[in-house]
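Chemist: Could you have a look at this structure, given as structure tokens, before my questions?
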Ligand code: SAH
């Protein structure tokens with residue numbers, strides 16, 4: 001097991017089994033999540049024997065970080081990791097007053113949304129909680145700044161790796177660790193309904209983003225296979241039923257803008273209706289790829305879409321797409337590096 005993915009309770013069990021003093025569990029947790037050490041050897045206040053056991057009983061980060069790409073146009077950086085011969089991409093997104101890290105949860109993605117690069121690479125399975133946490137700590141080390149926000153919007157589908165994703169979010173939120181507020185941790189799903197239901201049942205405190213991308217089921221089916229498995233109408237029913245248990249602004253719908261496809265008047269009206277019905281904000285993402293002739297609309301159309309949503313009383317954010325020149329924008333993560341140089 002990866003040491004970064006061990007919960008406080010699991011450390012207690014481990015320490016108990018080793019016959020060590022209970023407070024050692026907290027010391028280990030603080031070293032890892034408070035100071036982000038790379039190995040047990042760095043835990044200076046632990047007995048030598050315990051440090052040795054920790055080194056052999058757990059996996060530790062081992063120069064898996066293979067490359068950092070810095071955007072020339074903005075301060076975005078992409079950090080490439082290799083875990084068990086699987087290449088993972090993490091994106092560092094600096095804004096004026098926040099430093100966001102966009103983490104991957106799988107190597108590749110088992111979904112195939114027509115517009116997304118991650119679905120086009122070979123799917124190589126889930127990442128562990130520790131591997132998700134490591135992306136954050138190692139990026140922070142590489143960039144030399146403190147991360148303030150985490151978005152689960154890299155490669156993969158978070159709710160097909162539910163346990164590891166939720167565990168990692170709690171580790172990153174832990175007061176003895178990075179202590180990132182629940183409002184600053186956003187998990188994005190394509191609409192995997194069992195995961196959404198579980199998220200509500202467990203009353204998870206994190207922000208939830210749902211990739212809607214079309215206001216009509218027929219349209220959504222054309223670009224997202226997941227619509228066939230988990231129809232949006234069922235999902236909207238569940239969201240409506242849980243509306244009261246959602247915190248203000250906890251839910252966002254993501255809507256990728258594709259020229260001539262989902263930007264018409266009827267799309268805006270229906271989208272506004274859905275958003276108001278559920279009490280969700282909209283996050284507009286102009287398309288970042290060009291598969292099968294799909295393009296982003298021109299800036300005037302994007303602005304109009306945004307204004308009309310606002311006029312209908314819906315809060316919409318028009319997300320900029322930093323890092324396009326390093327293929328670090330939403331939907332561009334595809335482990336390209338892996339294709340270029342064999343591991
Ligand atoms: N599997 C999760 C996380 C994916 S990435 C999900 O589907 O929500 C985060 C967001 O980027 C999703 O809304 C996704 O649909 C969007 N996205 C994917 N490809 C894109 C592209 N080419 N341009 C813009 N946004 C894209």
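Chemist: Run residue 150 past the list (1) touching a residue at least 60 places away in the same chain (Cβ under 8 Å); (2) outside any loop (DSSP other than H, G, I, E, B) and report the number of the one that doesn't hold.
Modeler: (1)
Chemist: Go through segment 179-188 and report how many residues are within 16 Å of the ligand (Cβ to nearest atom) and out of contact with any strand residue (DSSP E or B) (no Cβ under 6 Å at 6 or more places or on another chain).
Modeler: Number satisfying all stated conditions: 0.
Chemist: Confirm whether residue 299 is under 23 Å from residue 93 (Cα atoms) and over 25 Å from the mean Cα position of the chain (by Cα).
Modeler: Yes, satisfied.
Chemist: In segment 129-143, which residues are surrounded by fewer than 21 Cβ atoms within 10 Å (Cβ to Cβ) and at pLDDT 90 or above?
Modeler: Correct list: 140 only.
Chemist: Still on this structure: Given (1) within 16 Å of the ligand (Cβ to nearest atom); (2) loosely packed, with under 15 Cβ neighbours inside 10 Å; (3) outside any loop (DSSP other than H, G, I, E, B); (4) modelled with pLDDT of 95 or more, identify the lone condition not met by residue 317.
Modeler: (4)
Chemist: Still on this structure: If we only count helices (runs of 4 or more DSSP H) wholly inside segment 222-310, which ones have 2 or more residues that are at pLDDT 95 or above, within 16 Å of the ligand (Cβ to nearest atom) and exposed (fewer than 13 other Cβ atoms within 10 Å of the Cβ)?
Modeler: So the answer is 226-229.
Chemist: So, one more: Quick check: is even one residue across segment 155-169 in contact with a helix residue (DSSP H, G or I) (Cβ under 7 Å, 6 or more places away or on another chain), over 26 Å from residue 222 (Cβ atoms) and either more than 15 Å from the ligand (Cβ to nearest atom) or not assigned by TED's automatic domain parsing to the domain that holds residue 198 (or both)?
Modeler: yes
Chemist: Consider only pairs whose beta carbons are under 7 Å apart and that are at least six residues apart or on different chains; among these, list those whose first residue lies in segment 92-119 and is outside the structural domain of residue 146 (by TED's automatic domain parsing) and within 17 Å of residue 288 (Cβ to Cβ) and whose second residue is more than 10 Å from the ligand (Cβ to nearest atom) and assigned to a loop (DSSP other than H, G, I, E, B).
Modeler: Correct list of pairs: empty, since none qualify.
The values are calculated or read from the model by the stated rules, or taken from the named source; none is laboratory data. Computed from a predicted structure; not experimentally measured. We place every Cβ from the backbone using ideal geometry, glycine too, and count neighbours over all the protein chains shown.
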